Structures are given as structure tokens and as C-alpha cells.
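> Here you go, one structure.
Derivation of every value follows stated rules applied to the coordinates shown; laboratory data play no part. The model shown is predicted, which means the values in this text are computed figures rather than measured ones. Note that each Cβ is placed from the backbone with ideal geometry, even for glycine, and that neighbours are counted across all protein chains shown.
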2 protein chains.
Amino acid sequence: MSLESDLSSQLNRARGAARALALASSEQKNQALAAAKNSLSRSADEIIAANQSDVAQARDAGLNSALIDRLTLNSARIAAIARGIEEVIVLPDPVGETMAQWTRPNGLEIVQTRVPIGLIAIIYEARPNVTIDAGVLCLKAGNAVILRGGREALETNRLLARLMAEALRKSALEPDCVAFIGNPDREVIQILKRRPDLVDLIIPRGGKSLKQALAGSEVPVLPHFDGICHTYVDRAADLKMAEEICFNAKCSRPSVCNAMETMLVHADVAEKFLPAIAARMAAARVELRGDDRVRAIIPRVRPASDADWDTEYLELILAIKVVGSIDEAINFISRHGSGLADAIVTADTQAAARFEREVDSATVYVNASTRFTDGFEFGFGAETGISTNRLHARGPMGLRELTTYKYIIHGNGQIRVIGTS
Amino acid sequence: MSLESDLSSQLNRARGAARALALASSEQKNQALAAAKNSLSRSADEIIAANQSDVAQARDAGLNSALIDRLTLNSARIAAIARGIEEVIVLPDPVGETMAQWTRPNGLEIVQTRVPIGLIAIIYEARPNVTIDAGVLCLKAGNAVILRGGREALETNRLLARLMAEALRKSALEPDCVAFIGNPDREVIQILKRRPDLVDLIIPRGGKSLKQALAGSEVPVLPHFDGICHTYVDRAADLKMAEEICFNAKCSRPSVCNAMETMLVHADVAEKFLPAIAARMAAARVELRGDDRVRAIIPRVRPASDADWDTEYLELILAIKVVGSIDEAINFISRHGSGLADAIVTADTQAAARFEREVDSATVYVNASTRFTDGFEFGFGAETGISTNRLHARGPMGLRELTTYKYIIHGNGQIRVIGTS
């Protein structure tokens, strides 16, 4: 059988499962999630073994450290995934939630109610936790899901998907609600994107090549792409707080999209702030690249090129620029940011108010690390990802972001006056 | 100058205007809308004259009656558009609205707040009222808008857009917030869809050829396409009510997307119901096409082909089918409906509950006409359109559907624990 017909029959089964799943009760869904969680916890050793095999292959293939980090599962990360499932179980079911209701002058009663999206395809790269996180959130929100992980995590993902399917088989839900595509070829993406009749949404989590592969998709795409995040240290910043926040934003996990890539520092505090943060970054082996004003203060910083301001490093590299005003900082972020997560550190409430109003990013922070842009940290339980889209969902995605809605309208014979639009 | 560079500079001006407009106050926006309303009312005669010229040309070009109807503006329709602006002025400004707020255990305060989408391109065909309706709603929601109407309504649209721009010029907002593209060539659409750097969203309102023209768009598209709407007359229906609802759904304005195209009748009431509704439809010159069971009751009905069940007539044609159960009705709608508007007429609350739960359409009616699927009838003021998408916005679009959101997060130095995802 060809890849196309193989995939088509898998999509058709998932599509059928989606219709039943959309009408499943919260209890049925939670039971399935609990079974998945137990299965995951019981199989931790097996998962780590499969993952170690993936990691070893990835090292042989020469993957960079950021990707190896994303790929790695250890018992702490497996426990975090399991806790994520528990959090999702206790979260309220978004399906059936009343979003708004009102009565029209003619007596029509309109209720806007949440319903599942349908069948969602998740395309991701190295991080195998996505297999569970995305699967679990999609299920709870009543969506069937097609998981298509990266080549690097194939063994880990295959096992995780099998554990999910086994858990579903023990519950009232159909195993076809979670489908895993074991074929890592790019051709799979080309087939998926041409099936709007079967797939309601594609959520891609990856880099530029995934973006290119999805160009011209006939299925709606909710992208999870670039994160070029800024922290602006205002002249009214508590500099010790700024140091902690900037260090955390850059160093706590440089390989993820909410890590800081560019630090902007107000000229009035640059001479005091830069030496301290630079020393700390250097001790953590962060390569610093700065503009002339930065290098006038710390000569050992490498000069930043124009390309640096538009680069998502995902590594221990930081671009630094001195700015003359908050306006310059806001304009710089508007031009170079990716609109994902940007922060100001300031004790000046007026500066904070301007920054949060004028910076048009999914998450805008005052006096906190950009690293909190994450479904787990937002309290959404596990996360499907962080949308870099402006439409439907923006920023961390939880259960509600995996739903759509319909209007249910009750009347008693209302008809519309003839001739109006 | 080429079309491409011409359009590019127009888009760039609108983009610049969008950033300022996003920060405009409700008062500034309402003043601009009031000026537009006054300008429209004062210029009714001039608008009708321009429109008559468009209509005359359209008749010469042999446009069908549905399109001529959509194209026509008379004083009643102009007054309705003006009333729509008034309704939009009194509606609360969605921008800045708090959608949700919560505090995390670590003290981070998260506020989800509505913000404008940015620059929206509306591509529409014959209906010139869209020029005002869409322009007004986009403005109130803080979005700049590019209007690209159809060739048929060019004179009317050009005048309406000029009136809007003049009104903006008298207010505090920049006239570039509303841009009109006078070039009706399809090439314009090909240029628009390749500019995700300038345009945040394309809202197309039209038929199949517009859909094809937008295939592969790099700019997100919120489609407003097919409406294949059903009314199911249940065995427990009040048949007099069913007759009024079905007649209204088909005949009050057959050229619009929320008009009924297919009527499903439960077998138990078909013999009683069909003769009455068929006589009334025939008197209104509706062509009826039915399956064998319909024709066994009313032999003069033409036989329906398979294609009829999947056709959006937008004319005085109605497909009719007798079904044996509510399950058959729901399955039929699931297979042949476009997911826009479907109704059940029944006095049986259990049947109503099943229908509203299991029919997955943007608007699901119990005992009312599908013709209410409309922003004006929903109380949204004027309407930008009726989304046939499952994502971002579904069904009638009002102000909120023209916004996105961002999260504003206040902390006092929070950093994320090192090593977690």
C-alpha cells in the first residue's frame, strides 16, 4: 500500500473517532487520561531506555546540544509529564462551557457554547514529551489527534504513543482518537496539508524547514515557530532584580523559544548594570554580542552584526544593545521581536504601563522572566505549544485554545422580516 | 508605477496607520464613526445614483438575479447601514477588555486582554454595504482595513470609501486606516496573499473562484464561503410553525448564504406537511426537487439528483428529502451541510436536545429560521461577515471576532526554576 493510501485510511479512522469523542463525557475522557498517566508512570524505565537509544543515535548524527537537550527524557521529566496529566484531569472540561448567552428583542435565545475543533495534526521535532502533552490536551478538549514526531525521537515517540493507545483501549474511548505516524519522511507533511476534508487543524512545532514544508497548506495552520524574546532593563529598574531576571531568561534553558535572545539596557544604567550581568553571563559561558555602546563599557564583548538582532540563537549567545529611551526600546522590539514574549524590568509604573500597552507581543512581562511563557507555568496543565499566530490562539495554548464554539439558538417560530439582508 | 509597488505603498501606509489606531481611544473611534454615519446619510442620493450606474452595467453584463439583488442599494438599505453604524457606536469597545485574569502560586498576575488584530484585508464581491459594514467594524475594533470590492460595485464602493476617508480626515484618526483598492483585477488578490509581513488577515466573502484565487495564501484567511443550510421538520413539529419557518428560510432572501437549500421532513408528517408547504413554495415560484418519497406524495416535484444535496443554489430552488428518523436527518446534515446554519422544528425537547448537540454547525436553531445567522440579527451591529471557518471565529462576526488578545503579566522579580521545560 502506498504512503498516501496508508495515511488516508489512518486519517479516516481518526476522523470517525473524532465524531464520537466530541460527544464523550468528561468522566469518560478523564478515565482515559488517568489510564494513560498510570501507564506512563509504570513504564518509566522502558521509556528512558527507548529515549537513550534515540539520544545515542542523535549524538552519532551530530545533533547540536539544544536539540539533544530537547530530545532527552529522564525520570524527572517523565514525572513532570505525569504530573501534567494529573493537572489536566482536574482542569474543567472546556467542552459544553457557555461562553456567552443573551436574548434578542424578538425572543430568540442565543447560547455560545464551546465544542471541539475535530481532528488536529501535531507536527513536532525533537521533544518527545509533546507526544503525551499534546495527546492529553487534545483528548480532554474532545479532539482526535494525529501525532507526527521527528525522526530523532522515533523510538521514544513510538513507545509513548503505544502506551496512550493501550490506555484508551482500556477506557471507553476509541484507540483511534490518538494516531501516531511512525514515518518520519517529509512527504507525510505534504499529504497532511492537502487533506482539509479530514484534518481540521495542523499545529507545527519546529523551525524554518517545517515552516517551509507547510507553505501553501490547505489545512489551517496554527504555527509555533520563532521566539526572539527581549528583556528591556529600564533606567528605573531594580538592577539586582534585572540581573536575576535576565540571567534566568537567558540561561535556565537556552534551547527553548521563550528564552531571551536580546537584552536592551537603558543608557542611564548601562555602566552600572552591564559589568555585573556580563560577568555572570560569562561565568555561565554565554557568548555576548553587543553594539558600540555596550562595547565601550565592556570591550571584550564581540560586535553584534545587523543579523544578530533578528536571530533566534537557541544557544548560549546573547545580543545586547544600549537604548536611549523606552521609546527606542519599544520600537526596537516592534521591529526585531517575534511577538512571543518580551519583558521590562522597571520600578516606574508609568514606564511599565507604556510598555505593556505598546509592545504587541503574545506575552508582555513587567518584572518577571520571559521563561514563564509556557502552558504549564500559566496553569494550563500540560501544553500543546505556544502559538506564534495572532489568530485563534496566541501564546501558551491550553484546553480552551483547542476548542471552537457554536451558537445554539432557541425560538418559538421566529422568522425574519422579508427583504432585509 | 507597477500594480505591485502601488499596492505595496498603500499597504505600508495602512500598516503604519494600524499601529496608531490600535492605541486610539474609544471616543476617538466613535467620533470617526459618527462622522462616517453623517456623511453616509447626507449623501444617500449620490450613493443611489452611483449604485444605479453599477446596477445598469451589471444588467447589461447579464448578471443573475441573485447578484443583482446583492448589488442593489436603495434608501431603505442605506438607512439600515446607517442604523448599523449607530449600533456599532453604542457597542462597548472590545479593545482593552479583560477576558480573564488570575494569579499564579508564585505571585505572577496574569491578565488576558483584547487587542486589535492589525491590518485586515476584506475581499468581497457584489454587496456594496460591506464597504461600510466591514470598514466600521474593523475601525471600532482598532484594525486598519484594506477593502477590495468586486468589479460590479466599483462606482458605489469607490464613493462609499471616499465618504469614509473624508469622515476620518475630519476626526482624529488617519484616513489611511481605511484603504480602498479600486483595481478589480484578480492580480490584486495574488499580491495581497503574498504579504504576511503587512497584512494580518484576509477575510474573503465570495464564491468558489475567490476560494481558488486564495489557495496557498501566506496570509491567514478567514473564509466566508458556502452556506448549504438545512431545516429538519421533525415528526413532533408544529406543522404550521414549520411551514412559516421553512417558507421564510427559503424565500425571504434566497440569494444569501443563510437561506435554506435543503428541507428534510420526517416520514410520519410528510403526507400532511408536504402538500401545504409545496403549494406555498410554488406560489412563490420556488422550483422544488425531491427524492422518490417526496415525489410519491407530490408527483409534480422534479427528481433531485445526487448533486442537488451538495448545491448552494442561492436561488428560488429547494431540495426536499423525506427521512425516517432524526438520526438520518443528523447524519444527512453531517454529510451534506456546510456547517453554517441548520434548524430543527420540533415540540419534542429530547429531539431538540439531540439535534443541537449532535449537529456540528456554527449556528444550530430550534424552532426558528436559519435566516437569523447574521451579525445584525445577533445584535453585533453591522457585520463583517459570517465565518465558515472552525478556527478563530465561527458564524456571524462582530467586534470581538475582529480582535485577538495578549497576556500582560506582572511580577516582582519572578524567575523560573532552572532545568524545567
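> How far is it, in nm, from the label point at residue A:169 to the one at residue B:349 when both lie 7 Å from their Cα along the line to the Cβ?
My value for the distance between the label points is 4.3 nm.
> Follow-up question, since we're still on this one. Would you mind telling me which residue in B:241, B:397, B:260 has the biggest mean-square fluctuation in a Gaussian network model of chain B, where springs connect alpha carbons within a distance under 10 angstrom?
Comparing B:241, B:397, B:260 in the GNM, the peak value goes to B:241.
> Then there's this: Got the residue A:106 label distances to the other copies yet, label 7 Å along Cα→Cβ, in nm, shortest first?
5.2
> Shortest first and in nm with one decimal, please list how far the residue B:25 label point sits from its counterparts in the other copies (point 7 Å along Cα→Cβ).
5.4
> Taking beta carbons within 10 Å but only from partner chains, what does the mean come to for residues B:236-245?
That works out to 2 on average.
> Can you say what percent of the DSSP beta bridges in the range B:68-157, counting only those with both residues inside, are antiparallel? Round to 5.
Close to 50 percent.
> What ³J(HN,Hα) values, in whole Hz, does the Karplus curve 6.51 cos²θ - 1.76 cosθ + 1.60 give for the range A:346-361 when θ = phi - 60°, with x put for Gly and Pro?
Whole-Hz 3J(HN,Hα) from phi for the range A:346-361: 6, 9, 8, 5, 5, 5, 4, 4, 5, 4, 5, 7, 9, 7, 9, 10.
> Would you work out which of A:258, A:326, A:339 lies farthest towards the positive end of the dipole of the range A:229-376? Charges go on Cβ: Lys and Arg +1, Asp and Glu -1.
A:258
> Please work out the FRET efficiency for the pair residue B:284 and residue A:68, using the Cβ-Cβ distance as r and a Förster radius of 56 Å; give the result to the nearest 0.05.
Calculated value: 0.20.
> Further question: Mark the label point 7 Å from the Cα of residue A:38 along Cα→Cβ and return the residues of the range A:79-98 whose backbone N is within less than 15 Å of it.
Answer for the range A:79-98: A:86.
> Can you tell me the relative contact order of chain B? Whole percent, Cα pairs under 8 Å, sequence separation 6 or more.
It rounds to 19 percent for chain B.
> While we're here: Give a residue-ordered list of calculated ³J(HN,Hα) values for the range A:66-80 (Karplus: 6.51 cos²θ - 1.76 cosθ + 1.60, θ = phi - 60°; whole Hz; x for Gly, Pro).
My calculation for the range A:66-80 gives 4, 5, 4, 4, 5, 6, 6, 10, 10, 5, 5, 5, 5, 5, 5 Hz in order.
> Hey, what do the phi angles of the range B:171-180 turn into as Karplus ³J(HN,Hα) couplings, whole Hz, using 6.51/-1.76/1.60 and θ = phi - 60°, x for Gly and Pro?
9, 7, 8, 6, x, 5, 4, 10, 10, 10
> In nm, give the distance between the simple-model label positions of residue A:76 and residue B:76, each being 7 Å from the Cα along the Cα-to-Cβ direction.
About 7.3 nm separates the two model spin labels.
> Net charge around residue A:406, counting only other residues with Cβ within less than 9 Å of its Cβ (Lys, Arg = +1; Asp, Glu = -1)?
Cβ neighbours under 9 Å give a net charge of 0.
> Further question on the same structure: Hey, can you grab everything whose amide H is under 5 Å from the amide H of residue A:323? Only 5+ residues off in sequence or another chain; H modelled, so Pro and N-termini drop out.
A:265, A:266, A:267
> Sticking with this structure for a sec: Residue by residue through A:357-369, how many Cβ atoms from other chains fall within 10 Å of the Cβ on average?
6
> Quick one: which residues, 5 or more positions from residue B:224 or on another chain, have an amide H under 5 Å from its amide H? H modelled 1.01 Å from N in the peptide plane, none for Pro or chain starts.
Those qualifying (amide H under 5 Å, at least 5 residues apart or on another chain) are B:206, B:388.
> To the nearest 0.05, how large is the calculated FRET efficiency for residue B:162 and residue A:325 if R₀ is 45 Å and r is the Cβ-Cβ distance?
With a Förster radius of 45 Å, E is 0.70.
> In the neighborhood of residue A:285, defined by Cβ-to-Cβ distances under 15 Å, what is the net charge if each Lys or Arg adds +1 and each Asp or Glu adds -1?
Taking every Cβ under 15 Å from that of residue A:285, the sum is +3.
> Let a ≥ b ≥ c be the square roots of the eigenvalues of the Cα gyration tensor of the range B:328-421; is it rounded (a/c under 1.5), or, if not, prolate (a/b larger than b/c) or oblate?
prolate
> Springs between alpha-carbon pairs under 10 angstrom, Gaussian network model over chain A: which of A:275, A:175, A:396 fluctuates most?
A:275
> Can you tell me how the range A:229-376 classifies by the Cα gyration tensor, rounded, prolate or oblate, using a/c under 1.5 as the rounded cut?
Judged from the Cα gyration tensor, the range A:229-376 comes out rounded (a/c under 1.5).
> Let me ask another. Distances from residue A:76 to the same position in the other copies: list them in nm, one decimal, shortest first, using label points 7 Å from Cα along Cα→Cβ.
When each copy's label point is compared with this one, the spacings are 7.3 nm.
> For a quick check, take a GNM of chain A with Cα springs below 10 Å and name the residue from A:46, A:109, A:312 with the largest mean-square fluctuation.
Most flexible of the set in this elastic network: A:109.
> Within a Cβ distance under 12 Å of residue A:12, other residues only, what is the Lys/Arg minus Asp/Glu net charge?
+1
> What FRET efficiency comes out for the pair residue B:334/residue B:271, r = Cβ-Cβ distance, R0 = 41 Å, nearest 0.05?
0.95
> Over chain B, what is the percentage of antiparallel beta bridges among all DSSP beta bridges, to the nearest 5?
Taking every DSSP beta bridge with both residues in chain B, the antiparallel ones total about 30 percent.
> Just to be sure I understand the model, the point goes 7 Å from the Cα along the line to the Cβ. What's the resulting residue A:187 to residue A:57 distance in nm?
1.8 nm
> A further question follows. Considering amide H positions built from the backbone, and no H for Pro or chain starts, which residues 5 or more places from residue B:404, or on another chain, come under 5 Å of its amide H?
Result for residue B:404 returns B:115, B:117.
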